[in-house]
Amino acid sequence: MRNYRIMCIVFVVALVFLPGLSSWNQASAASKGKVVTTQLMTTAESAVLMDSNGIVLYEKNSHKPLPPASVTKSMTLLLAVEAVEQGKVQLTDEIYASENAWKQGGSQIWLEPGEKMSIHDMLVAIAVVSANDAAVAMMEHLYGNEQDAVAAMNERAAELGLKDTHFSNVNGLPVANHYMSAYDTALIVKEAVKHPLYLELCGIKEYWLRNGKNWLVNTNKLLWWYEGADGLKTGWTEEAKYCFAGTAKRDGLRLISVVFAAPEPRAHLRESMKLLDYGFANYSALSVVEQGAVVDRVRVAKGEEHDVQLVAASDLNLLLVKGQNRSVQKKIVTESSIVAPIQQGQKYGELLVLRDGKEIDKVDLVAEKSVAKAGFVKIFQEMMADFFALAH
């Protein structure tokens, strides 16, 4: 049986309180599909307000499948950004537009068949002006054809646990059997904001395309209008009406607001700001640990180095309702010793947050760097040193 080290630290934080409901009960309810109810109203047919941990703060018909228009491209961009991060393609790689991309219609950058453009500029066109032709060209380049790209989008949706979403194309133009829910869309945004390149693209307000010949202006006006807004995707078709998946971050608190089928121009932006205003007015965030922060150090057996630092794999924030306090615990659980070779980024422990002995959140602890396995002589010397230390 492995030996584990457990270290507990008590610290005081503000818990999330709604009338009669603590944040931890709220998080549990959210994980079971239940949501917090308020007097907040929206003209959108479907809406959800969520924090970056997935806790639902407001909802209206949030699981209703609806045509998403260009909000579809939230998934298109996610797959493209992940392909870049995984080294499958480079931002400087060039794409040649197909005739299929050229004939898309709707919002576009007027690609000509055979026109060459970098992956970076294609991604900017998708993120900033919701270009349907660029979306098709991008996904055809990644997957060979649009059909396989759609299959990949549906596969990724399943991985993210989306239950009320099905894609039939990559850009959201009206087509049969193509739908998303506000809740599912919020989960896509929750994943998207973990990727710096994704937020960088969505945060571009203006961009000159084709060496300054074409001026692109972001359709997400919250980038200008709303403090902390940094994404994400607008959408409109006659069938879908006005849709928006937005996100903003203030003082460490990231909120996600999704509205579908708002009835009139700019209503999707107005209603999203209403939801975000409610969230920031009533909630705040407490940072437990930041990504990359050193949390512990673990002994390494049979390694070129004697120990390795463990760092947080991601940020860990607690959602707070402004006003009330409770004590909680941080518990670090790691193996007492790990055996080389050690791979950078590999999990070797967890940082748990507990209340009344029950786990309410956690983050993985991973190796800060790689440690190679030592040679025979070094391992033998280490064994002898341990032997004599025990003998004394």
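Here are a few things to note about the model shown:
- Restricting the search to strands (runs of 3 or more DSSP E) fully inside the stretch 153-258 and requiring at least 1 residues that are within 13 Å of the chain's Cα centre (by Cα) and crowded, with 19+ Cβ neighbours inside 10 Å gives 229-237, 241-250.
- Residue within the stretch 169-177 that is aliphatic (A, V, I, L, M) and within 19 Å of residue 86 (Cα to Cα) present: no
- Answer residue from the stretch 70-103, given it is acidic (Asp, Glu) and either buried (at least 19 other Cβ atoms within 10 Å of the Cβ) or in contact with a Ser or Thr (Cβ under 8 Å, 6 or more places away or on another chain) (or both) and is farthest from residue 192 (Cα to Cα) among those: 94
- Within the stretch 245-263, tally of residues that are out of contact with any Ser or Thr (no Cβ under 6 Å at 6 or more places or on another chain) and free of Cβ contacts under 8 Å to residues at least 60 places away in the same chain: 5
- In the stretch 132-148, the residues that are within 22 Å of the chain's Cα centre (by Cα) and within 22 Å of residue 231 (Cα to Cα): 135, 138, 139
- Scanning the stretch 324-366 for residues that are in contact with a strand residue (DSSP E or B) (Cβ under 7 Å, 6 or more places away or on another chain), acidic (Asp, Glu) and either exposed (fewer than 14 other Cβ atoms within 10 Å of the Cβ) or in a loop (DSSP other than H, G, I, E, B) (or both) gives a single hit, 359.
Quick note: the coordinates plus some simple rules give every number you see, no bench work behind them. All values derive from a computational prediction rather than experimental measurement. Counting neighbours? That spans all protein chains shown, and the Cβs are built from the backbone with ideal geometry, glycine included.
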